[in-house]
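A quick write-up on the structure given underneath.
The values are calculated or read from the model by the stated rules, or taken from the named source; none is laboratory data. All of these numbers come straight from a predicted model, not from anything done at the bench. We place every Cβ from the backbone using ideal geometry, glycine too, and count neighbours over all the protein chains shown. Heavy atoms of the whole protein, side chains included, go into the accessibility calculation; ligands, DNA and RNA do not. Shrake-Rupley method; radii C 1.70, N 1.55, O 1.52, S 1.80 Å.
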There are 2 protein chains.
Amino acid sequence: MNDRCEVRISDVPVLCAACQARQRGVCAALDAEQLSTLSRSSTKKRLDMGSELIGDATTVEGYANILSGVVKLVKGLPDGREQIVGLQFAPDFLGRPFQAESTVTAQAATNVVLCSFPRRSVDALINQSPQLKQGLLQQALRELDGARDWMLTLGRKNALEKVSSYLLLIASSVESAAKPQGQAVEFDLPMTRQEIADFLGLTIETVSRQLTRLRIDGVIRIVQARHIVVDNPARLKICSGA
Amino acid sequence: MNDRCEVRISDVPVLCAACQARQRGVCAALDAEQLSTLSRSSTKKRLDMGSELIGDATTVEGYANILSGVVKLVKGLPDGREQIVGLQFAPDFLGRPFQAESTVTAQAATNVVLCSFPRRSVDALINQSPQLKQGLLQQALRELDGARDWMLTLGRKNALEKVSSYLLLIASSVESAAKPQGQAVEFDLPMTRQEIADFLGLTIETVSRQLTRLRIDGVIRIVQARHIVVDNPARLKICSGA
DNA sequence: GCCTAAAATTGATCTGGATCAAATCGCCGG
DNA sequence: CCGGCGATTTGATCCAGATCAATTTTAGGC
């Protein structure tokens, strides 16, 4: 493991506290004592697939940076129906300032490594650094955009378009920015068919059928259930309802 | 029209600039010159139902407080399918800081009166007032929660549950906090059946059928297409999937 | 009040995705 | 290599909500 792991809150660079926490750039003005407090109180944690990241001793108290893995935000109905309302990928910052009255639960979708901070210390930092506050505001606005995009997908797209949209979303989270558009993209799905279904408002069977349909049409290859190659990103985009 | 109309950004009280703009409370620290600039540059605007609030001369340049009416945030697919991804009610603050790259369009769902501010002036205020920035962050987080709740509705509820959830949402936006739970609630729907359908990911016909079903079951009365009385809020809540 | 057009309801039918039910696949432990 | 179990795929049927097609209601304009 690296001894310094850079992660970002929006455009505010933050070095992972568990790996020698300190802040740079626009946050450089921060009190050295504050930073050392944050550093001392941070802990690196490994979570197995499926574990919940709330409240209990082995998990996250307040805030955390995701160092690797995927975290899903889940909402449920009393009868057991579930909907995944958000996904957080590798360098995202988790946790919300000013009380979490929301009823979402965060769960590790894959094995996850993260660096967690006590609520107290981070809240203090937020109040001292307008840039950090602004970074959090921008992250919130970006998540809001993402949620609204997904509302369109959930409310108005058919099964094929939903599955195609999902593949494009995952592909974009993997694809390096440098890579030219239109190239084949290869990746492992970070979720089971059930989780994909819960994300898309579908059933496992329908997800599976749409994937085979895309395979037969030559848009993707399913090397292994979890391992996908998108041979024709342009076609996939068309299938997603553009 | 009142000459001072109080509206709120989160817990930061702001007096509508068009009606003698100035700030109070936690924002009192603001520069008097800034405030007078904001006041001078603000304008009160009336929008007819259906008009879009972007870009053109008759509409909103940057930010605005809604004084009355309902604004809908709409996303569309190239083939014309539409999804309403958010509703903003009477004292909400509209507009997003730091560029709007998002593809939502805001439209007046009813006739709307609002007080609009030029982007420039408000951005300046935001940078000067951490409290205002925090207010905007909290508003963004609240909207994110709302969006996620709605994702559960869109992805996992059936038609009856969706329509019931919608009625409860509108009822709660009308109901005075003082009113005891369980009482009958009476209100006008601020949207057409088509808009309700676009909000719920359904068709007009299905919305209409679920409403008659609720009427026949004695949960609501439909005094007039747009005028609803919820006789049994508890039953309605059960119908909404709790 | 009467006329018109848009909005809403109601009815009849169709269909995409859910549901129920078996196969397969893939992986791990022995 | 052999079971065994969970994840996935595939097949057969069903049904909630879409679609198509009339009415009926409502809101303005004269």
Query raised in the report: Of all residues in the stretch A:65-117, which are free of Cβ contacts under 8 Å to residues at least 60 places away in the same chain, within 14 Å of chain B (Cβ to nearest Cβ) and in a strand (DSSP E or B)?
Result: A:LEU73, A:LYS75, A:GLY76, A:GLN88, A:LEU94, A:THR105, A:ALA106
Query raised in the report: Within the stretch B:137-153, can you find the residues that are open to solvent by 10 Å² or more (accessible area, probe 1.4 Å) and either touching a residue at least 24 places away in the same chain (Cβ under 8 Å) or more than 28 Å from A:ALA124 (Cβ to Cβ) (or both)?
Result: B:GLN138, B:GLN139, B:ARG142, B:GLU143, B:GLY146, B:ASP149, B:TRP150, B:LEU152
Query raised in the report: Restricting the search to the stretch A:205-228, which residues are open to solvent by less than 70 Å² (accessible area, probe 1.4 Å), more than 14 Å from chain B (Cβ to nearest Cβ) and within 13 Å of DNA strand D (Cβ to nearest atom)?
Result: A:SER208, A:GLN210, A:LEU211, A:THR212, A:LEU214, A:ILE220, A:ILE222, A:ALA225, A:HIS227, A:ILE228
Report summary line: Only one of B:LEU189, B:LEU154, B:LEU167 is within 13 Å of chain A (Cβ to nearest Cβ) and within 13 Å of DNA strand C (Cβ to nearest atom), namely B:LEU154
Query raised in the report: Since A:ALA64 meets every condition but one in (1) touching a helix residue (DSSP H, G or I) at 6+ places or on another chain (Cβ under 9 Å); (2) crowded, with 19+ Cβ neighbours inside 10 Å; (3) over 17 Å from A:GLU195 (Cα atoms); (4) modelled with pLDDT of 75 or more, which condition does it not meet?
Result: (1)
Report task. Give the residues of the stretch B:168-198 that are under 26 Å from B:PRO91 (Cβ atoms), outside any loop (DSSP other than H, G, I, E, B), open to solvent by less than 60 Å² (accessible area, probe 1.4 Å) and within 16 Å of DNA strand D (Cβ to nearest atom), sorted by residue number. Result -> B:PHE187, B:GLU195, B:ILE196, B:ASP198
Query raised in the report: Out of all the residues in the stretch B:66-96, which are under 17 Å from B:GLY146 (Cα atoms) and charged (D, E, K, R)?
Result: B:LYS72, B:LYS75, B:ASP92, B:ARG96
**Report entry** Condition broken by A:SER164, with the remaining ones in (1) buried (at least 20 other Cβ atoms within 10 Å of the Cβ); (2) within 13 Å of DNA strand D (Cβ to nearest atom); (3) among the hydroxyl-bearing types (Ser, Thr, Tyr) satisfied
**Finding:** (2)
Query raised in the report: Restricting the search to the stretch B:199-208, which residues are in contact (Cβ under 8 Å) with a residue 40 or more places away in the chain and near DNA strand C (Cβ under 9 Å from one of its atoms)?
Result: B:THR206, B:VAL207
Report summary line: Note on A:PRO233: of the conditions (1) within 9 Å of DNA strand D (Cβ to nearest atom); (2) over 16 Å from A:LYS157 (Cβ atoms), unmet is (1)
Query raised in the report: Is there a residue in the stretch A:154-163 that is touching a residue at least 40 places away in the same chain (Cβ under 8 Å) and of a type in the set (Val, Ile, Thr)?
Result: yes
Query raised in the report: Would you pick out the residues in the stretch B:199-242 that are within 20 Å of B:ASN111 (Cβ to Cβ) and not in a helix (DSSP H, G or I)?
Result: B:GLN224, B:ALA225, B:ARG226, B:HIS227, B:ILE228
Query raised in the report: Given the conditions (1) modelled with pLDDT of 95 or more; (2) out of contact with any strand residue (DSSP E or B) (no Cβ under 9 Å at 6 or more places or on another chain); (3) farther than 29 Å from A:TRP150 by Cα, which single one is not true for B:VAL207?
Result: (3)
Query - Number of the exception - B:ILE220 against (1) more than 11 Å from DNA strand C (Cβ to nearest atom); (2) touching a residue at least 40 places away in the same chain (Cβ under 8 Å) - result: (1)
